[in-house]
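Report on one structure; see the data block that follows.
Any read-out appearing in this document is the output of simple, stated calculations on the displayed coordinates, not a laboratory observation. Please read these numbers as outputs of a predicted model, since none were measured by experiment. Please note: Cβ atoms are built from the backbone with ideal geometry, for glycine as well, and neighbour counts cover all protein chains shown.
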Amino acid sequence: MDPELEAFVPLFPKTDLTDPVAARKSFAGLAAAIPAPDAAGMEVEDRTVPADPGVPVRIYRPHGAHGAVVWLHGGGFLMGDLDTEHPWASRIAAGSGAVVISVGYRLAPEHPFPAALDDACAVLAWAVEHSADLGVDPARIAVGGHSAGANIAAAVALRSRDEQGPPIHFQLLNQPGLDDRQETWSARNFTDTPWFYRDKAAAGWRHYLAGRPATPYSAPARATDLSGLPPAYISTAEFDPNRDEGLAYGVRLLQAGVSVELHQWPGTFHGSQALLSAEVSHRQNAELGAVLRRALAG
C-alpha cells in the first residue's frame, strides 16, 4: 500500500451498513471534514428537476463551460447526498471546466432499484432539454460517478442506448461497483481492506436490490451486449473489492468496439483519494478533471 495512505488505515471507522441511518450519519461526518476547493470561479446553484418525485440537483457552472456531466455520488447505494458530494463535485467542475450537475438521487433501502436510476435518467433528459439555459452544447453531455454512482452512470448509458434516450458523449466511472455476483478474485479475497470490503459490498447490494433478481440496469456487468455505448474512462484502486469487475468491464467495452481508457491506481484502496494529504490522491483527483476536460473538448 502507498505509505502515505497506509498511515491513515488505523483511523478508518468500520461502518455497519445494516443500519442505514447510522451509516449515513457517519458518512456525512467524514465528508464534512473534507475541505472544498475555492468556488470563486464558478456559480453554484441548487435546483429541483421536475420528475415524480422531483430530483434535487446542485449545479456547478465554471465560467466559459461548453460541456456538462451528470454526476452521481458514491455511498453504497444508501449513503450520500448533495452535501457529502460537494467537495468532489466542485473539484471536478474546477478541474474540468465543465458544468457539473450533481444528483441527489433517492437512496436504498427506502427506495431500492430502480429509483436512483430513474432519478439519474430524469436529470440527464432535463440537462439535454435545458442545455441552452445551462450554457452547454447538448452534444457534449457526459455521465459519471464514484463507486455506486459509477454503477448508476453506467446503467444510464445502457438504458439510454437501449431506449433511444438522450445521446451521451462520455462516461466516467471511478471505482465502479458493477457486479452483484461478487465472483471476481478481488471481490472474493478483499475481505478486510480499508473502508470498503466484501461484506460491506454485499450489504449495499442487498439494500439496492431488495430481494429482486439483478438486471443489466442494476448490475451493468450482467449486460451481454456493450456495443454502441459512449467512450469511457474507468479507474480502479488496487485494494478494492470492485477492482476486477471494473477492469473486466473496461476490457469488455473495448472488445465491443467502445473506446476506453483504463487506469489502475497502485497502492490505493476504495475511496482513498479522499485522503488529500497523499500525493497519489492529488493525482487521482486531478486526473478526473483532466479526463473530463479532454473528453468534452471535442
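Structure notes:
- Taken over segment 156-167, residues that are buried (at least 24 other Cβ atoms within 10 Å of the Cβ) and either over 15 Å from Pro231 (Cα atoms) or β-branched (Val, Ile, Thr) (or both) amount to 1.
- Filter pass, Ser147 being of a type in the set (Ser, Thr, Tyr), touching a residue at least 40 places away in the same chain (Cβ under 8 Å), more than 28 Å from Gly211 (Cα to Cα) and crowded, with 24+ Cβ neighbours inside 10 Å: no
- Test: residue in segment 271-291 that is farther than 27 Å from Leu78 by Cα, of a type in the set (Val, Ile, Thr), part of a helix (DSSP H, G or I) and without any contact (Cβ under 8 Å) to a residue 24 or more places away in the chain: no
- Among residues of segment 34-43 being of a type in the set (A, V, I, L, M) and over 20 Å from the mean Cα position of the chain (by Cα), the one that is nearest to Gly135 (Cα to Cα) is Met42.
- Taken as a whole, the structure places Leu30 among residues that are out of contact with any strand residue (DSSP E or B) (no Cβ under 8 Å at 6 or more places or on another chain) and more than 27 Å from Ala295 (Cβ to Cβ).
- Of residues in segment 174-202 being more than 17 Å from the chain's Cα centre (by Cα) and of a type in the set (Gly, Ala, Ser), the one surrounded by the most Cβ atoms within 10 Å (Cβ to Cβ): Ala187
Yes/no per residue for (1) within 30 Å of Ile141 (Cα to Cα); (2) touching a Phe, Trp or Tyr at 6+ places or on another chain (Cβ under 9 Å); (3) free of Cβ contacts under 8 Å to residues at least 60 places away in the same chain:
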site	(1), (2), (3)
Leu17	no, no, no
Pro20	no, no, no
Ala40	yes, no, yes
Ile59	yes, no, no
His63	yes, no, yes
Leu72	yes, yes, no
